[in-house]
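Report on the structure given below.
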Amino acid sequence: MNAPKMSEMLFSLKCFMASMLALYVSLAAGLPRPFWAMMTAYIVASPFSGAVRSKALFRVCGTLIGSAATIVMVPRMANAPELLSLALACWVGLCLYISLLDRTPRSYIFMLAGYTAGLIGFPAVTDPGAIFDTGLARVEEITIGILSATVVHSLFFPQGVGPVLLGRLDRAIADAQRWMSDVLKPGAAKPHNTHTRLALAGEISELRVMSTHLPFDTSQLRWTAGMVHGLHDRLSVMVPLLLAVEDRLNTLREVDPDSLAPWTRLLADVAGWVAAGRDADPARAAQLRAELAQLQPALAANASWSEILRLNLAQRLDALIEACEDGLELRSNVSAVMQGGAAAYTPHLTATVLHRDHGMALRSALATVITILVCCAFWILSGWQSGAAAPMMAGVACCFFATQDNPVPLIRMFVKWTVISMPVAAFYILFVLPAVHSYEMLVLTLAPVFLTGGVFMPRPATAGSSLAFLIGVAGTLSLQDTGTLDIPSFLNSMVAQLFGFIAAAVITSLIRTVGGDWMARRMLRTARREVAQMANAVSREPLLKISARMVDRIGLLMPRLATAHPTPEARAVAVDGLRELRVGLHVAQLCGMQQPLEQGGVTLRPLLAKLGSYFGSGGHTHGLAPASLLDGLDSTLRAVCAAPAGVTGAARAQAAAALASMRRDLFPRAAAYQPETAS
């Protein structure tokens, strides 16, 4: 194990200072469980001050909502423990369901509202008359812990999330530019690692979520949140455009390499402009796009497949240059604001556009409700005096790890380090704390364990285990009356907590656990269902939203596909599934061109109906679209080529490009398109 770094030791010191400040204020205020505040200070800790502040706001709101719900439910159902257990379990499940639909830090509001009700409600069943005082005390203790962490992490050597986010964003931009430059290099088609390149999609989605902390940051970058989100939008647009440009170039190099000869110099110029990065001349982009317009072939009625592909390439490359130009301008504006300039509002998409899985959220909520009810039933039927800790910890475990495909390994890890923390907590409760008679001595006795454990929290490999250990110690102290506790009651309480964790692991493994391969197939089915809805005119969304959600899904799918498809054949099928994700963009484009095309005598309804039928059926195999759909695409493409240009305007060329993209995505190995032949 590596020696602790200075930054890790500083973070551990700040966490300990925040927890001791929270403990001091709670003790001074005479709160009944001051260690709640101490534990909360560790739960909300983060290396980035902006993340601490945003989580602080959301957790306070969630705690208030959860406490209010408990105060409403417990007195009214105190005489019916079965009904109260059902009400609390359903409340936790409902809050968890809502939180899983929001993949930003705002989800803390609903998650905290859920399990806070369990933390307060279940222990109060035996004394419902004091529920208001108990709820108020928990809110005060948790709020003190949150505020203490916020103050310490914001004032003492704060590390802003802005510079880290900007550094990762610059790397993502550089990756996109490197990809673009590599695609445009002259020469034969080059082998590439699709999974490695599409990892950029996961980075874009992760950065979009991470940037929600930006308005709470301590750095000056907090004023540029709109621009940063705008950069995410441009990157989201660039990924499908890069895939399209790369595919068209490689296809043309195979079917008609001589047709790219006039493009060689322009492609090299674009690659050079992109390689310049942030030093690229914005005026040069307009010149490149003008040269590209001159190379774009006219769409004739008998246009060949090579001409249509070059038309498609010109349009996609033009859009790619524009997105790259906008991204460089936004990045330049961000630098200007950081140097003291004024921040301008940039219209952008919010994180609500990201992929949502209502079915898995409902499944997680159901597993949580059943787990809590099983623990409550055993507690009530057995008359277990300390049994309230079982449903309480079961709810916490189910909520903490609900975002994982398989939460069981993390629950097991949590159980393992909770068990490891039990002897330490027992030593403090039974031997150390009874001998402590001053706050200063309390700080000295707690320092060795918490300063040492806090060093491992910033490390990704040990963050979960170290936090589980520290929460295990602090949580045990917060759940016990340290002045009157004896060994039997301590062990009884620990067994109840472990029972809750084990019940969560068992029931989650039966109801909630899924494999990465299953989740990948589910996401692809969801994407196809959305394409079917667009084709059947059930849903209409802007292209930017569809592109952002498509990129987000690619980012979610890549790590799952990488582990779920070890063979080249299975991986090829998975890549075909990723190709189908892009069809939604083409369908949205075609739907926006229906009116001008119909004026030129071209109807898209038969093709859209076939697309809706294909994507709406759940039994087809990825990459094996029916031949009838290929015939429909080709006949529609011939009709578009034959339509009068004066009536349809620019929609004719745009529709031909969209149909060509759709043909390449759905039938990448099909024979070349054949134009209409004279009879």
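State yes or no: is Trp384 surrounded by fewer than 20 Cβ atoms within 10 Å (Cβ to Cβ), among the hydrophobic types (A, V, I, L, M, F, W, C) and under 25 Å from Gly93 (Cβ atoms)? Walk me through how you get there before you give the answer.
On the way: surrounded by fewer than 20 Cβ atoms within 10 Å (Cβ to Cβ): yes; among the hydrophobic types (A, V, I, L, M, F, W, C): yes; under 25 Å from Gly93 (Cβ atoms): yes.
Judged against the criteria, Trp384 is a match.
For segment 367-379, the condition of being surrounded by fewer than 16 Cβ atoms within 10 Å (Cβ to Cβ), modelled with pLDDT under 85 and on the phi < 0 side of the Ramachandran plot holds for none of the residues.
For first residues located in segment 433-451 and not assigned by TED's automatic domain parsing to the domain that holds Ser478, partners that are surrounded by 13 or more Cβ atoms within 10 Å (Cβ to Cβ) and at pLDDT 95 or above and lie 6+ apart or on another chain with Cβ distances below 8 Å do not occur. Within segment 453-479, the set of residues being among the small types (Gly, Ala, Ser), at pLDDT 90 or above and either assigned to a loop (DSSP other than H, G, I, E, B) or touching an Asp or Glu at 6+ places or on another chain (Cβ under 9 Å) (or both) comprises Gly454 only. Within segment 223-277, the set of residues being in contact (Cβ under 8 Å) with a residue 40 or more places away in the chain and acidic (Asp, Glu) comprises Asp233, Glu246, Asp247, Glu254, Asp256. Segment 44-161 holds helices (runs of 4 or more DSSP H) entirely within its bounds, and those carrying 2 or more residues that are charged (D, E, K, R) map to 49-77, 131-155.
Pairs linking a residue in segment 290-308 that is touching a residue at least 40 places away in the same chain (Cβ under 8 Å) and assigned by TED's automatic domain parsing to the domain that holds Val640 to a residue that is assigned to a helix (DSSP H, G or I) and not charged (D, E, K, R), with Cβ atoms under 7 Å and 6 or more positions apart or on different chains, do not occur.
The set of residues from segment 8-43 being of a type in the set (D, E, K, R) and assigned to a loop (DSSP other than H, G, I, E, B) comprises just one member, Arg33.
Tell me whether segment 408-431 contains one or more residues that are in a loop (DSSP other than H, G, I, E, B) and modelled with pLDDT of 90 or more. Don't jump to the end; show me each part of the working.
Within segment 408-431, the first condition is being in a loop (DSSP other than H, G, I, E, B), and the residues that meet it are none.
Checked against the condition, which is being in a loop (DSSP other than H, G, I, E, B) and modelled with pLDDT of 90 or more, segment 408-431 yields no hits at all.
In segment 41-51, is there at least one residue being modelled with pLDDT of 90 or more and either of a type outside the set (Lys, Arg) or not assigned by TED's automatic domain parsing to the domain that holds Ser466 (or both)? So far as segment 41-51 goes, yes, one or more of its residues are modelled with pLDDT of 90 or more and either of a type outside the set (Lys, Arg) or not assigned by TED's automatic domain parsing to the domain that holds Ser466 (or both). When each of Ser205, Ser211, Ser181 is tested for being of a type in the set (Ser, Thr, Tyr), in contact with a Lys or Arg (Cβ under 9 Å, 6 or more places away or on another chain), assigned to a helix (DSSP H, G or I) and at pLDDT 75 or above, the lone residue that passes is Ser205.
Somewhere in segment 587-605, is a residue modelled with pLDDT under 70, part of a helix (DSSP H, G or I) and in contact with a helix residue (DSSP H, G or I) (Cβ under 6 Å, 6 or more places away or on another chain)? Talk me through it step by step, then tell me what you get.
Filtering segment 587-605 down to residues modelled with pLDDT under 70 leaves none.
There is no residue in segment 587-605 that is modelled with pLDDT under 70, part of a helix (DSSP H, G or I) and in contact with a helix residue (DSSP H, G or I) (Cβ under 6 Å, 6 or more places away or on another chain).
Would you check if Thr403 is at pLDDT below 90 and within 24 Å of Leu446 (Cα to Cα)?
Values: at pLDDT below 90: yes; within 24 Å of Leu446 (Cα to Cα): no.
Here the answer is no, as Thr403 does not meet what is asked.
Is it true that some residue in segment 126-134 is of a type outside the set (Val, Ile, Thr) and touching a Cys at 6+ places or on another chain (Cβ under 9 Å)? Checked segment 126-134: no residue is of a type outside the set (Val, Ile, Thr) and touching a Cys at 6+ places or on another chain (Cβ under 9 Å). Take segment 5-32 and flag every residue that is surrounded by fewer than 20 Cβ atoms within 10 Å (Cβ to Cβ), in contact with a helix residue (DSSP H, G or I) (Cβ under 8 Å, 6 or more places away or on another chain) and of a type outside the set (A, V, I, L, M, F, W, C). Within segment 5-32, Tyr24, Pro32 qualify.
Residue pairs whose Cβ atoms lie under 9 Å apart, separated by 6 or more positions or on different chains, with the first residue in segment 599-619 and farther than 16 Å from Val531 by Cβ and the second among the basic types (Lys, Arg), are Gly600/Arg652; Val602/Arg652.
Just to be sure, is Gly340 over 30 Å from Leu544 (Cα atoms) and at pLDDT below 80? Criteria met by Gly340.
Among the residues of segment 140-165, those identified as farther than 13 Å from Phe11 by Cα, among the hydrophobic types (A, V, I, L, M, F, W, C) and crowded, with 21+ Cβ neighbours inside 10 Å are Ile142, Ile144, Ile146, Val161, Leu165.
The values are calculated or read from the model by the stated rules, or taken from the named source; none is laboratory data. Fair warning: this is a prediction, and the values are worked out from it, not measured in the lab. Cβ coordinates were reconstructed from backbone atoms using ideal geometry, including for glycine residues, and neighbour counts include every protein chain displayed.
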